[in-house]
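Input: a single structure, listed below in C-alpha cells.
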Amino acid sequence: MRDNARLMNHVIEEIANTAARLVVEEGLEFGPAKRRAIKQLGLPKNTAMPDNDALEDAVREYIDIFCAETQALELQALRELAQVWMTRLAEFRPHLGGAVWRGTATANSDIYLQLFCDDPKSAEIKLIDHNVRYEVSSVLGFAGEEVDALSVVCPCPKLSQHIVVHLMIYDYDDLRGALKADAKGRTPRGDLAALQRILEINNDK
C-alpha cells in the first residue's frame, strides 16, 4: 500500500513538473497544461492529476530556477498592459485573472480579463465601434459554465511583441461570486483598483 501511494505521489509530482514547464514556456492555462502533461508522459487519461495549488507551487519553482532574471519585468509589462485595457473597458467592471493576476505570468502568457456586463453584447459593440479586431470563442468560465470570449491581439511595447488579451463575458449578476476567496484566502481575480495597488507597490520597490 505504501509503495502504491509513493508511486502515485511520484506520478502526480511528475505531472506537476511537466505541466509547470508548459505553463511557463508555452503560456498554457492550468487545465490544458495538466492534460498535455499526461499525454506527454504517456499516462492514461484517467490518471490522477495534481490540484491547482500543487501546480502553482511547481510553476513558481520553475520560474525561480529558469526565469528568475526575466520574469518580474515581463510580469510588470503584462500587468501594465492589462491596466490599459481595464481602463478602456472600465464600464464593464473588468477583473484580471489567470497568471497575470497570480503573479506567475511570463512573456508567453495571455491576459485574461473578465467583464461583467448588463448587456452581454455591449462589450462586443464597443470593440466594433472602436474598430478593434477580435475573434469570438467559447471557454469554460470560473463556475464551470461556457462563456463567450473576445480575443484581441495587441502590441506590448515593453516586451517588443504582441500579446493576446481575452475578454471573457459574464452577466453582471455573476460578479457577486467572482471574488470568493480560495482555501488559502486568496482572491482568484482583482479589479482595476486592486491591480493599480499592486503596480504602485512594485514601482516603489
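The values are calculated or read from the model by the stated rules, or taken from the named source; none is laboratory data. Everything quoted here is computed from the prediction, not taken from an experiment. Backbone-built Cβ (ideal geometry, glycine too); neighbour counts: all protein chains shown.
Of note:
- Scanning region 139-157 for residues that are surrounded by fewer than 10 Cβ atoms within 10 Å (Cβ to Cβ) and within 27 Å of Ala107 (Cβ to Cβ) returns a single hit, Pro157.
- Restricting region 110-121 to residues that are more than 20 Å from Gln196 (Cβ to Cβ), touching a residue at least 24 places away in the same chain (Cβ under 8 Å) and not acidic (Asp, Glu) leaves a set whose member that is surrounded by the fewest Cβ atoms within 10 Å (Cβ to Cβ) is Pro120.
- Pairs with Cβ under 9 Å, 6+ apart, first in region 77-93 and within 24 Å of Asp173 (Cβ to Cβ), second among the basic types (Lys, Arg) and in a helix (DSSP H, G or I): Arg88/Lys126; Leu89/Lys126; Glu91/Lys126; Phe92/Lys126
- Here the condition is being among the small types (Gly, Ala, Ser) and within 26 Å of Asp182 (Cα to Cα); of Ala77, Ala82, Ala68, it holds for Ala82 alone.
- Within the option set Thr87, Thr104, being surrounded by fewer than 14 Cβ atoms within 10 Å (Cβ to Cβ) and not small (Gly, Ala, Ser) holds for one residue only, Thr87.
- When residues of region 163-184 are limited to those that are loosely packed, with under 11 Cβ neighbours inside 10 Å and of a type outside the set (Lys, Arg), the one farthest from Asn52 (Cα to Cα): Asp173
- Among the residues here, Asp148 qualifies as among the acidic types (Asp, Glu), farther than 26 Å from Glu69 by Cβ and part of a strand (DSSP E or B).
- The criterion of at least 3 residues that are under 14 Å from the mean Cα position of the chain (by Cα) is met by the following helices (runs of 4 or more DSSP H) wholly inside region 50-132: 52-66, 71-88, 98-102.
- Any chance Ile198 is assigned by TED's automatic domain parsing to the domain that holds Gly103, within 18 Å of Ala77 (Cβ to Cβ) and not in a strand (DSSP E or B): yes
Okay, residues lined up against (1) at pLDDT 95 or above; (2) in the same structural domain as Asp171 (by TED's automatic domain parsing):
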site: Pro44; (1), (2): no, no
site: Tyr62; (1), (2): yes, no
site: Gln76; (1), (2): yes, yes
site: Ala90; (1), (2): yes, yes
site: His95; (1), (2): yes, yes
site: Val100; (1), (2): yes, yes
site: Gln114; (1), (2): yes, yes
site: Glu135; (1), (2): yes, yes
site: Phe142; (1), (2): no, yes
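- The residues listed here are Glu26, Glu124; of these, the one that is surrounded by fewer than 20 Cβ atoms within 10 Å (Cβ to Cβ), touching a residue at least 24 places away in the same chain (Cβ under 8 Å), out of contact with any Lys or Arg (no Cβ under 8 Å at 6 or more places or on another chain) and within 20 Å of Tyr170 (Cα to Cα) is Glu124.
- Unmet requirement for Asp173, which otherwise passes all of (1) touching a Leu at 6+ places or on another chain (Cβ under 9 Å); (2) at pLDDT below 95: (1)
- Among residues of region 169-189 that are in contact (Cβ under 8 Å) with a residue 12 or more places away in the chain, those with a Cβ under 6 angstrom from a residue that is among the charged types (D, E, K, R), sequence gap 6+ or separate chain, pair up as Ile169/Asp148; Tyr172/Asp118.
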